[in-house]
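Accompanying notes for the structure given below.
Where a number appears in this text, it was derived from the coordinates with a stated rule and is not lab data. All figures in this text were calculated on a predicted structure; none of them were measured in a lab. Here the Cβ positions follow ideal geometry from the backbone for every residue, glycine too, while neighbour counts run over all protein chains shown.
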Amino acid sequence: MQVFCVANQKGGVGKTTTTVNLAAGLAQVGQRVLIIDLDPQGNATMGSGVDKRALELSVYDVLLESSTIAEARQRTDKGGYDVLGANRELAGAEIELVSVERRSERLRGALVAVEADYDFVLIDCPPSLSLLTLNGLCSANGVIVPMQCEYFALEGLTDLVNTIRQVHANLNPQLQIIGLLRVMFDNRMTLQQQVSEQLKSHFGDKVFDAVIPRNVRLAEAPSYGQAGVVFDPSSRGAQAYIAFANEMVERSRLVL
């Protein structure tokens, strides 16, 4: 089982879109996948067709050790993967976890019990560096960083790389950046092409070959509770995420 955080400390860069579409793409190429939604907004939960308001058990219960992942997970109707959902309760977990033992390792401990059930676990992290994000980073083999090719995105990336180094040094020695995924890409914009080239020259093969274009169908899909690759498989965005899923399978064999 390989565990990847989808993380970026900058908001609005397509973390949830990437998590949900990569999960559905991996399921389509024959992988067993679990999404863990660590964001109290619950967007990955809703975007997978699971009603966050109706959750009896959620990632909140797992972090507080009142439930197991096997008890709390739900199957998506059409995505072909499982979801450990989140809702607003999760915001309270931050405060409750502050005083408990092993507070940054609760998720890692819970994942041991489902190790045989999945090939990939994808963790959708909130944009801030919080105890929730820390639980994700402590559980993961690596980090997938979705980013737009814009000037300010490079600054946010520096912060994230520093955070990953600190977690690697102090809490999780196997944590590494698996790769940078260029999202919402418009190749008509010169600046985006320039930033893309900067990324490739600086990070080399850490930049995924797959590039996710700016695509209306990907943006529409969550309102139907579906991943874009399920909602409109023929769209450019869906095709790009399928290519990314194949690349992830290949790369994870090489890296881990």
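Using the Karplus relation 6.51 cos²θ - 1.76 cosθ + 1.60 with θ = phi - 60°, the per-residue 3J(HN,Hα) values for segment 127-136 come to x, 8, 8, 10, 4, 5, 4, 4, 4, x Hz, with x marking Gly and Pro. Couplings 3J(HN,Hα) for segment 54-67, derived from phi with the Karplus relation 6.51 cos²θ - 1.76 cosθ + 1.60 (θ = phi - 60°), are 9, 5, 7, 10, 9, 4, 4, 5, 5, 5, 8, 6, 9, 7 Hz, where x marks Gly and Pro. For segment 101-253, the normalised intensity computed at q = 0.15 Å⁻¹ comes to -0.93 (log10 of I(q)/I(0), Debye sum over alpha carbons, equal scatterers, no solvent).
Counted residue by residue at 0.36 nm each, then reduced by the alpha carbon distance between them, the extension gain from L154 to D119 reaches 9.5 nm.
Using a Gaussian network model of the chain in which every pair of alpha carbons under 10 angstrom is joined by a spring, one finds that among M189, M147, M46 the greatest mean-square fluctuation is at M189.
When Y241, Y118, Y81 are sorted by how many other C-beta atoms sit within 10 angstrom of their C-beta, beginning with the fewest, the order is Y118, Y81, Y241. With springs only between Cα atoms under 10 Å apart, run a GNM on the chain and tell me which of V161, V229, V183 wobbles the most. Of V161, V229, V183, the most mobile in the Gaussian network model is V161. For the peptides 94-103, 53-62, the ranking by packing is 53-62, 94-103, with the highest mean count of neighbouring Cβ atoms within 10 Å listed first. Of the residues C138, S58, V207, the one whose Cα sits farthest towards the positive end of the charge dipole of segment 2-255 is V207 (charges of +1 on Lys and Arg Cβ, -1 on Asp and Glu Cβ, taken about the Cα centre). Taken over the chain, the ratio of Cα radius of gyration to 2.2 N^0.38 Å equals 0.94. Could you list the residues of segment 117-160 with an amide nitrogen less than 15 Å from a label point located 7 Å from the Cα of V211 in the Cα-to-C-beta direction? Residues 147-150 fall inside that zone. The sum of -39500 (n - 2.57) across all DSSP H runs of n ≥ 4, divided by the residue count of the chain, sets its helix-only mean residue ellipticity at 222 nm to -13000 deg cm²/dmol. Cβ crowding within 10 Å ranks H202, H168 as H202, H168, fewest other Cβ atoms first.
Here the spin labels are modelled as points 7 Å beyond Cα on the Cα-Cβ line, and at L191 and S223 they lie 2.7 nm apart.
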